[in-house]
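Notes for the one structure printed next.
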Amino acid sequence: MKNSEFIGTGVALTTPFHKYGTVDFTSLGNLIEHVIKGGVDYVVALGTTSEAATLTADERKAVLNFIIENVNNRVPIVVGMGGNNTQAIVETIKHCDFEGIDAILSVTPYYNKPNQKGLYYHYKAISSVSPLPIILYNVPSRTSVNMSAETTLKLAQDHKNIIGIKEASGNMIQIMNILKDKPKDFLVISGDDPLTNSMIALGGVGVISVTANAYPAEFRQLVQAGLDKDFEKSNTINNALLPFMEAIFEDGNPAGIKAALSIMGIMKNNLRLPLVKTNVPTLNKIKSFIEEFKSPIIS
């Protein structure tokens, strides 16, 4: 699998649930068709947006197998595989059947707050056993630890199967330092939908998006316009989507995007505790946007 397979728009798939909490595979199938029809370049299974932390091991396996079967080789699949127990991740990778999966997205360890040396050796251990390319995932707002540009660059330089990073620190100086000194083929992928346009202008290669669950065609055109350096077009689409991007993250992810997908008729608006539905004012913002939205896609 070439690094270029992960240039463009990836979508972090949500996991639909029935009213009483079981996985709604029919709606998951609807979502997969919706985003592939919208032209996304790849999908991410079992990421943060999927509520993977609340799925049992059997459910995670079932969801992943369903995604592999229904995607049916139409686009690459990246699977979320991270945590704060390095040895457990190593053992999982050693015993995993990666048939139908194209790369691993691995979040920095959370809660136990390793220093930069700990982060480096954590990913070194994962790299040593992974048969697939690895995309690092830095999201300090969720993990309470930030992986520095220096650590990211050292990992990129030392381990050939670490091919990129989903950067969601929101720290544009850090991101610019990664872009300035990275190996040529190392991918810097936006993990913040509202910052995607800016990151691409600086040299990023795309996004792993939440918004693209709802508006895959629009987000793909935003990204492609940026990659084509047509910033008038990318700015137009970005500005049109910005109120939606702000609204869906107002009460946390994936509560906002699930509310949107429910309004669109793609899935029911059900989450698993400790997550709950958006507050009514946020829901009304999302509903108003969807009802009034006129697609800015320019042919």
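Each value in this text was obtained by applying a stated rule to the coordinates, not by laboratory testing. Predicted model only: the values in this text are computed from it and were never measured. Cβ sites come from the backbone with ideal geometry, for glycine too, and all protein chains shown count toward neighbours.
Tabulated data for the structure shown
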{"item": "Scattering curve values for segment 158-288, log₁₀ I(q)/I(0), Debye with Cα scatterers, q = 0.10, 0.12, 0.19, 0.20 Å⁻¹", "result": "-0.37, -0.52, -1.05, -1.11"}
{"item": "Burial ordering of M147, M245, fewest other beta-carbon atoms within 10 Å first", "result": "M245, M147"}
{"item": "Under-5 Å amide H pairs with L187, H placed in peptide plane, nonlocal only", "result": "G164, I165"}
{"item": "GNM result for the chain, Cα springs below 10 Å: residue of P254, P140, P274 fluctuating most strongly", "result": "P274"}
{"item": "Sorted by Cβ density within 10 Å, fewest first, the residues I93, I237", "result": "I93, I237"}
{"item": "Estimated vicinal HN-Hα couplings, Hz - segment 215-232 in sequence order (Karplus 6.51, -1.76, 1.60; Gly, Pro = x)", "result": "10, x, 5, 5, 5, 4, 5, 4, 5, 5, 4, x, 5, 7, 6, 9, 6, 4"}
{"item": "Relative contact order for segment 34-84, counting Cα pairs under 8 Å that sit 6 or more residues apart, in percent", "result": "58 percent"}
{"item": "Relative contact order %, segment 3-230, counting alpha carbon pairs below 8 Å whose residues are six or more apart", "result": "22 percent"}
{"item": "Separation between Cα centres of segment 64-88 and segment 32-55, rounded to whole Å", "result": "10 Å"}
{"item": "In sequence order, calculated HN-Hα J values of segment 266-274 (Karplus, 6.51, -1.76, 1.60; Hz; x Gly/Pro)", "result": "8, 7, 7, 8, 10, 10, 9, 4, x"}
{"item": "Gaussian network model of the chain, Cα within-10 Å springs - most flexible of T54, T278, T152", "result": "T54"}
{"item": "Gap separating the Cα centres of segment 187-250 and segment 264-295, nearest whole Å", "result": "20 Å"}
{"item": "Lys, Arg +1 and Asp, Glu -1 on Cβ, resulting dipole of the chain about Cα centre, debye, nearest 20", "result": "380 debye"}
{"item": "Rounded to whole Hz, the Karplus (6.51, -1.76, 1.60) HN-Hα couplings of segment 233-238, x for glycine and proline", "result": "5, 5, 5, 4, 5, 4"}
{"item": "For segment 3-230, diffusion coefficient by Stokes-Einstein and Kirkwood Rh (Cα), 37 °C, 0.692 mPa s, µm²/s", "result": "187 µm²/s"}
{"item": "Highest-MSF residue in the chain out of S148, S262, S288 [GNM, Cα springs under 10 Å]", "result": "S288"}
{"item": "Too-long pairs where the Cα-Cα distance tops 28 Å, listed order kept, from K113/K268; K229/K258; K61/K277; K160/K233", "result": "K113/K268; K229/K258; K160/K233"}
{"item": "Mean Cα-pair separation over length for segment 142-219, i.e. relative contact order, pairs under 8 Å, 6 or more apart, %", "result": "25 percent"}
{"item": "Selection from A52, S27, S198 lying farthest towards where the dipole of segment 3-230 points positive, charges on Cβ", "result": "S198"}
